[in-house]
Amino acid sequence: MTDEVYLDYQSAKPVDPRVLDAMLPFFTERFGNAASLHGVGDRATAALEESRARVAAFIGAEPDEVIFTSGATESNNLALIGYANRNKRAGDHVIISEVDHISIHNIGKYLEKAEFKVGKVPPDQFGRINPAKLRSRITDDTILVSVGWASNEIGTVQPIAEIAEMLKGTGVALHVDAVAAEGQLPIDMREVPVDLLTLSSNDIYGPPGLGALYIRKGVKLGPIMMGGGQERGLRSGTEPLPLIVGMAEAADISAAEMAADAARMAAMRDRLISAVLSTIPDSHLNGHPTLRLPNNAHFRFEGVEGESLLLSMRDEGIAVSTGSACSSKTLEPSHTLISCGLLHEEAHGSLEFTFGRFSKDSDIDRVMEVLPGIVLRLRRMSPLYKTD
Ligand code: PMP
């Protein structure tokens with residue numbers, strides 16, 4: 001073990017050792033293909049279906065409302081493209097939000113090429129989508145709305161229950177990418193009338209390379225990948241049993257520990273936020289002051305480049321992010337921050353800290369030992385930072 005401080009849980013999480021223990025037998029003696037008509041296949045089917053029931057229970061769903069995919073990107077593709085294609089006769093208009101994950105934005109671009117109309121609803125300055133504003137965009141041709149449960153970048157939590165209620169009875173389906181929120185906020189399909197919900201295994205400390213899509217009973221989708229017809233014909237390809245067993249274990253652990261985990265992370269988040277804002281002049285919190293994920297603290301430092309901050313933190317052995325992990329290798333400013341009304345240079349001066357199950361209070365001590373000095377040093381060299 002190194003003494004590196006890892007505060008980038010939104011980008012990747014370690015697999016919980018208890019999850020790994022549950023998975024290991026399924027790589028060797030308990031291997032099997034659920035489609036096979038022999039004992040090994042039957043046992044694989046039993047493990048697959050038991051796991052599906054556990055993942056479904058995690059979100060208050062029925063087992064036959066959950067299918068497994070290769071991850072959140074695929075679940076988002078299947079939800080939006082699969083739904084749009086299958087329901088085209090009812091209309092050709094899809095609404096997404098400006099603060100959603102890059103995968104949703106790029107699926108939107110794809111749908112436009114496929115001759116759908118795609119509208120983007122803007123957030124307020126905190127990254128929240130207003131349900132009334134969303135409603136005003138709905139036309140007779142609208143078939144689907146997609147909004148993330150929470151932002152993977154700035155941590156703002158969306159009013160999903162209100163949006164779902166608002167759409168009820170309109171005939172417009174609601175897809176929610178719950179990846180940033182899962183394991184941190186309770187998600188219950190019996191309580192909130194969402195039609196399609198994207199989950200990722202790694203985001204609840206399960207193995208990477210696996211996701212799930214919740215499809216409410218009666219909601220019709222077409223497949224986007226052709227093959228052997230697994231997962232009710234919606235997602236062909238032999239199910240990766242060790243990963244699926246791992247996600248089920250991760251879901252059980254998450255359900256049992258979510259409240260305590262979230263409270264612990266929120267306390268760390270609040271401690272970091274107040275330490276940064278009170279110690280570093282001209283620093284600001286991005287996203288909503290209170291309606292934010294328990295594990296997310298996202299700051300903007302005037303006159304400083306986020307990339308330089310990140311690299312200086314890296315030299316100190318602290319791993320953080322400048323924003324969206326998925327597109328952090330581009331020099332484009334975050335679309336989420338720009339949508340919230342930040343100028344390009346403000347968006348570029350941002351840094352995201354995300355806590356997780358294995359974060360410690362001493363991680364914050366370490367950040368506060370070095371961050372004020374790094375900001376000061378970079379500002380001294382910055383033509384953008386004005387001193388009086
Ligand atoms: N949606 C959200 C909200 C995400 O944060 C991510 C990235 N973790 C994805 C979708 C895509 O996930 P993946 O790259 O694992 O497919």
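The values are calculated or read from the model by the stated rules, or taken from the named source; none is laboratory data. Given the structure is predicted, the values throughout are model-derived calculations rather than measurements. Because the Cβ atoms are built from the backbone with ideal geometry, glycine has one as well, and the counts that use them run over all protein chains shown.
Would you check if there is a residue in the range 87-110 being away from the ligand (no atom under 16 Å from the Cβ), in contact with a helix residue (DSSP H, G or I) (Cβ under 8 Å, 6 or more places away or on another chain), of a type in the set (Gly, Ala, Ser) and outside any strand (DSSP E or B)?
Among the residues of the range 87-110, not one is away from the ligand (no atom under 16 Å from the Cβ), in contact with a helix residue (DSSP H, G or I) (Cβ under 8 Å, 6 or more places away or on another chain), of a type in the set (Gly, Ala, Ser) and outside any strand (DSSP E or B), which makes the answer no.
Restricting attention to the range 266-284, report how many residues are farther than 17 Å from Ser350 by Cβ and β-branched (Val, Ile, Thr).
Taking the range 266-284 first, the residues farther than 17 Å from Ser350 by Cβ are 266-268, 270-271, 274-275, 278-279.
Those left that are additionally β-branched (Val, Ile, Thr): 279.
Of the residues in the range 266-284, 1 are farther than 17 Å from Ser350 by Cβ and β-branched (Val, Ile, Thr).
Yes/no matrix, rows are residues, columns are (1) touching a Pro at 6+ places or on another chain (Cβ under 6 Å); (2) more than 16 Å from the ligand (Cβ to nearest atom); (3) in a loop (DSSP other than H, G, I, E, B):
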residue	(1), (2), (3)
Gln10	no, no, yes
Pro14	no, no, yes
Arg18	no, yes, no
Leu24	no, yes, no
Phe31	no, yes, yes
Gly41	no, yes, no
Ile67	no, no, no
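Looking only at residues that are within 20 Å of Ala256 (Cα to Cα) and either more than 14 Å from the ligand (Cβ to nearest atom) or hydroxyl-bearing (Ser, Thr, Tyr) (or both) in the range 189-201, which one is surrounded by the fewest Cβ atoms within 10 Å (Cβ to Cβ)?
So in the range 189-201, the residues within 20 Å of Ala256 (Cα to Cα) come out as 189-191, 199-201.
Next cut, either more than 14 Å from the ligand (Cβ to nearest atom) or hydroxyl-bearing (Ser, Thr, Tyr) (or both) only: 189-191, 200-201.
Values: Met189: 18, Arg190: 9, Glu191: 11, Ser200: 26, Ser201: 30.
Checked the range 189-201; the qualifying residue surrounded by the fewest Cβ atoms within 10 Å (Cβ to Cβ) is Arg190.
Give just the number: which of (1) of a type outside the set (S, T, N, Q); (2) under 25 Å from Ala263 (Cα atoms); (3) more than 16 Å from the ligand (Cβ to nearest atom); (4) without any contact (Cβ under 8 Å) to a residue 40 or more places away in the chain does Pro186 not satisfy?
(4)
What tally of residues in the range 131-143 results from selecting those that are touching a helix residue (DSSP H, G or I) at 6+ places or on another chain (Cβ under 9 Å) and part of a loop (DSSP other than H, G, I, E, B)? Outline the logic, then answer.
We begin by selecting, within the range 131-143, every residue touching a helix residue (DSSP H, G or I) at 6+ places or on another chain (Cβ under 9 Å); these are 131-132, 134-135, 138, 141, 143.
Those still in the list that are part of a loop (DSSP other than H, G, I, E, B) too: 138, 141.
Of the residues in that region, 2 qualify.
Between Val118, Val145, which is of a type in the set (Val, Ile, Thr) and under 21 Å from the mean Cα position of the chain (by Cα)?
Working: Val118 fails: under 21 Å from the mean Cα position of the chain (by Cα).
Unique residue meeting the criteria: Val145.
Answer yes or no: is there a residue in the range 202-220 that is crowded, with 24+ Cβ neighbours inside 10 Å, out of contact with any helix residue (DSSP H, G or I) (no Cβ under 7 Å at 6 or more places or on another chain), assigned by TED's automatic domain parsing to the domain that holds Glu29 and in contact (Cβ under 8 Å) with a residue 60 or more places away in the chain.
Yes.
Given the residues Ala297, Ala248, Ala260, which is the only one that is touching a Phe, Trp or Tyr at 6+ places or on another chain (Cβ under 8 Å) and not acidic (Asp, Glu)?
On the way: Ala248 fails: touching a Phe, Trp or Tyr at 6+ places or on another chain (Cβ under 8 Å); Ala260 fails: touching a Phe, Trp or Tyr at 6+ places or on another chain (Cβ under 8 Å).
After applying the criteria, what remains is Ala297.
Over 30 Å from His298 (Cα atoms), among the hydrophobic types (A, V, I, L, M, F, W, C), modelled with pLDDT of 95 or more and under 20 Å from the mean Cα position of the chain (by Cα): does that describe Ile129? So that I can check it myself, show each step before the final result.
Numbers: over 30 Å from His298 (Cα atoms): no; among the hydrophobic types (A, V, I, L, M, F, W, C): yes; modelled with pLDDT of 95 or more: yes; under 20 Å from the mean Cα position of the chain (by Cα): yes.
Taking the combined requirement at face value, the residue does not satisfy it.
Out of curiosity, is Ala61 touching a residue at least 12 places away in the same chain (Cβ under 8 Å) and under 28 Å from Ser97 (Cβ atoms)?
On the way: touching a residue at least 12 places away in the same chain (Cβ under 8 Å): yes; under 28 Å from Ser97 (Cβ atoms): yes.
So Ala61 passes the test.
If only one of Lys168, Lys117 is at pLDDT below 95, away from the ligand (no atom under 16 Å from the Cβ) and surrounded by fewer than 20 Cβ atoms within 10 Å (Cβ to Cβ), which one is it? Walk me through how you get there before you give the answer.
Values: Lys117 fails: at pLDDT below 95.
Answer to the selection: Lys168.
Looking only at the range 352-388, how many residues end up being more than 19 Å from Glu316 (Cα to Cα), of a type in the set (Val, Ile, Thr) and surrounded by 13 or more Cβ atoms within 10 Å (Cβ to Cβ)?
Here the count works out to 0.
Since Met313 meets every condition but one in (1) out of contact with any Gly (no Cβ under 8 Å at 6 or more places or on another chain); (2) under 19 Å from Asp203 (Cα atoms); (3) at pLDDT 95 or above, which condition does it not meet?
Met313 satisfies every listed condition except (2).
Being within 30 Å of Ser321 (Cβ to Cβ) and in contact with a Ser or Thr (Cβ under 6 Å, 6 or more places away or on another chain) is the filter here, so list the residues in the range 12-70 that pass it.
Thr69 - this is the single residue of the range 12-70 that is within 30 Å of Ser321 (Cβ to Cβ) and in contact with a Ser or Thr (Cβ under 6 Å, 6 or more places away or on another chain).
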